């Protein structure tokens, strides 16, 4: 189990009081700068996107086989952006003792690049997420941590917007139950854009699990925090409405 870092350190990170002394902060301190951010090179430090969850028998779109890990990104995809996120999933229990139905999501993506000190190990970065989940939302919105995009729901489809960079649909490919406390923590998930040039991984999720429907008809919101890893290759017009092709039907989806 990862050791959690002191809360005071996370507060310092989120307020970015130390970033004025780093080259990364000076380079990426405005939203418009994000389009100039080069691909993140974490492979030389041995970083890889976490894929291992718990055994799941309904996580592969269109199939019923069991798996305990997400599929890896394609060989031609490179890690382009890394984000930490806070958001909400909204569910509806339309009848007593039924399964909850996902309705929509509202997620804010924060650029993680300025937080990655050269000496930071991957486990330390993962340990930020439980602390981010507990961080006061109002303070987060008022911090200088750069919001680089959002994820919302439109026409039953998850829409990823990376400000000044891209807007694309995210189609679920597979998901696995969280490796730790899956009753409380939402699934890890792998999604792709319709043109397949983007692959998105939601991992290290804290919170966000669906509610348990009781005897009352009710709506619920589930707060969560997570890491989002964005892999990209050339070839897709990111500003064009691309129809789904060979990706599978999109039920009401979230990423």
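Structure above, values below:
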| read-out | value |
| --- | --- |
| Any hit, the stretch 57-64, residues being touching a strand residue (DSSP E or B) at 6+ places or on another chain (Cβ under 7 Å), modelled with pLDDT of 95 or more, surrounded by 15 or more Cβ atoms within 10 Å (Cβ to Cβ) and more than 21 Å from residue 114 (Cβ to Cβ) | no |
| Among (1) at pLDDT below 95; (2) surrounded by fewer than 17 Cβ atoms within 10 Å (Cβ to Cβ) - the single one residue 221 does not satisfy | (1) |
| Some residue of the stretch 23-34 being closer than 17 Å to residue 188 by Cα, over 18 Å from the mean Cα position of the chain (by Cα) and either surrounded by 17 or more Cβ atoms within 10 Å (Cβ to Cβ) or at pLDDT 60 or above (or both) | no |
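A quick yes/no check of all residues on (1) in a strand (DSSP E or B); (2) over 22 Å from residue 67 (Cα atoms); (3) out of contact with any strand residue (DSSP E or B) (no Cβ under 6 Å at 6 or more places or on another chain):
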{"site": "194", "(1), (2), (3)": "no, yes, no"}
{"site": "204", "(1), (2), (3)": "yes, no, no"}
{"site": "212", "(1), (2), (3)": "no, yes, yes"}
{"site": "219", "(1), (2), (3)": "yes, yes, no"}
{"site": "227", "(1), (2), (3)": "yes, no, no"}
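The values are calculated or read from the model by the stated rules, or taken from the named source; none is laboratory data. Only a predicted model underlies this, so the values are computations on that prediction, with no experimental measurement involved. Cβ sites come from the backbone with ideal geometry, for glycine too, and all protein chains shown count toward neighbours.
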